[in-house]
1. So in the stretch 38-56, with the set limited to residues that are within 25 Å of the chain's Cα centre (by Cα) and part of a helix (DSSP H, G or I), which one is farthest from L92 (Cα to Cα)?
2. Return yes or no: is I47 at pLDDT 80 or above and open to solvent by 80 Å² or more (accessible area, probe 1.4 Å)?
3. Can you tell me how many residues within the stretch 156-182 are of a type outside the set (G, A, S), assigned to a helix (DSSP H, G or I) and over 24 Å from D96 (Cβ atoms)?
4. Report, by residue number, each residue of the stretch 169-179 that is of a type in the set (K, R) and open to solvent by 70 Å² or more (accessible area, probe 1.4 Å).
5. If you check F16, F71, F91, which single one turns out to be of a type in the set (F, W, Y), modelled with pLDDT under 80 and within 24 Å of F142 (Cα to Cα)?
6. Given the criteria open to solvent by less than 90 Å² (accessible area, probe 1.4 Å) and either at pLDDT 90 or above or not aromatic (F, W, Y) (or both), does V182 qualify?
7. Of everything in the stretch 8-37 that's of a type in the set (S, T, N, Q) and closer than 16 Å to K90 by Cα, which residue is surrounded by the fewest Cβ atoms within 10 Å (Cβ to Cβ)?
8. Restricting to the stretch 183-203, count the residues that are without any contact (Cβ under 8 Å) to a residue 40 or more places away in the chain and not in a helix (DSSP H, G or I).
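The values are calculated or read from the model by the stated rules, or taken from the named source; none is laboratory data. The model shown is predicted, which means the values in this text are computed figures rather than measured ones. Here the Cβ positions follow ideal geometry from the backbone for every residue, glycine too, while neighbour counts run over all protein chains shown. Ligands, DNA and RNA are excluded from the accessible area calculation, which covers all protein heavy atoms including side chains. Shrake-Rupley method; radii C 1.70, N 1.55, O 1.52, S 1.80 Å.
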Amino acid sequence: LIKEVNQQQTDETISFDREPTSVEFESVFTRILQTIFIKNHVSQLVIVLDNLDRIEATDLKNVWATIQTFFQQRSNPIASQQESWSKNLKFLVPFDRDNFAELWKESFSKIRLKEADDEPIIKASFNSKVSNEVQSFLEKSFQVTIEVPPLYPSSWRKYLAQCINEALTGWCSTEKHRALIVLTDLLSEQSTPPTPRLIKGII
């Protein structure tokens, strides 16, 4: 006798947040640099790209391809002629050479092994070839490479004492001296000198 009809309407909106292309990324990056140099009157800009040697080998190529957009702004001769600010743009890339080389070596190795899957490979010769490719890649990627030598034992002991004095405020000189002796003995057992990061972490 009584018929009830329920009507339900569902609206669904799907949005896609796609990754920008290298051209779009470069355009945005250029506008950012123009704002920094022209509107904000900045005379010199240094961009630091840190921790590249901590990227997983599987992601390194994609990350490096994106970073190339930054480098192109500095090395592009056309941009250098049109934009005077491009000459005042510098990039600083701190990295551990051994770790960075190992990442690229692993990446290159997978490609070469796949290409030569059906051919006999002499391991020593193969590793030498990959190492040469890695070295060539690093030389092409960076205009100037500055080697930072490890800390000498006398240097890190002095740095350790300095960190103890700065961090352990309120401690008497006797307690600081004991801490210095204990940490010096502990760190001296390592095969390589401790890094500043390790010293600060322990303190």
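1. Here the residue is R54.
2. Values: at pLDDT 80 or above: yes; open to solvent by 80 Å² or more (accessible area, probe 1.4 Å): no.
Answer is no for this residue.
3. 12
4. Narrowing the stretch 169-179 to residues of a type in the set (K, R): 176, 178.
Residue satisfying the conditions is R178 alone.
5. Numbers: F16 fails: within 24 Å of F142 (Cα to Cα); F91 fails: modelled with pLDDT under 80.
Just a single option satisfies the conditions, and that option is F71.
6. Working: open to solvent by less than 90 Å² (accessible area, probe 1.4 Å): no; either at pLDDT 90 or above or not aromatic (F, W, Y) (or both): yes.
Taking the combined requirement at face value, the residue does not satisfy it.
7. Filtering the stretch 8-37 down to residues of a type in the set (S, T, N, Q) leaves 8-10, 13, 15, 21-22, 27, 30, 34-35.
In the following step, the residues that additionally are closer than 16 Å to K90 by Cα were identified as 30, 34.
On the way: T30: 15, Q34: 13.
Looking at residues that are of a type in the set (S, T, N, Q) and closer than 16 Å to K90 by Cα, I get Q34.
8. Of the stretch 183-203, the ones without any contact (Cβ under 8 Å) to a residue 40 or more places away in the chain are 183-191, 197-198, 200-202.
With not in a helix (DSSP H, G or I) added as a condition, the list becomes 189-191.
Total satisfying the criteria: 3.
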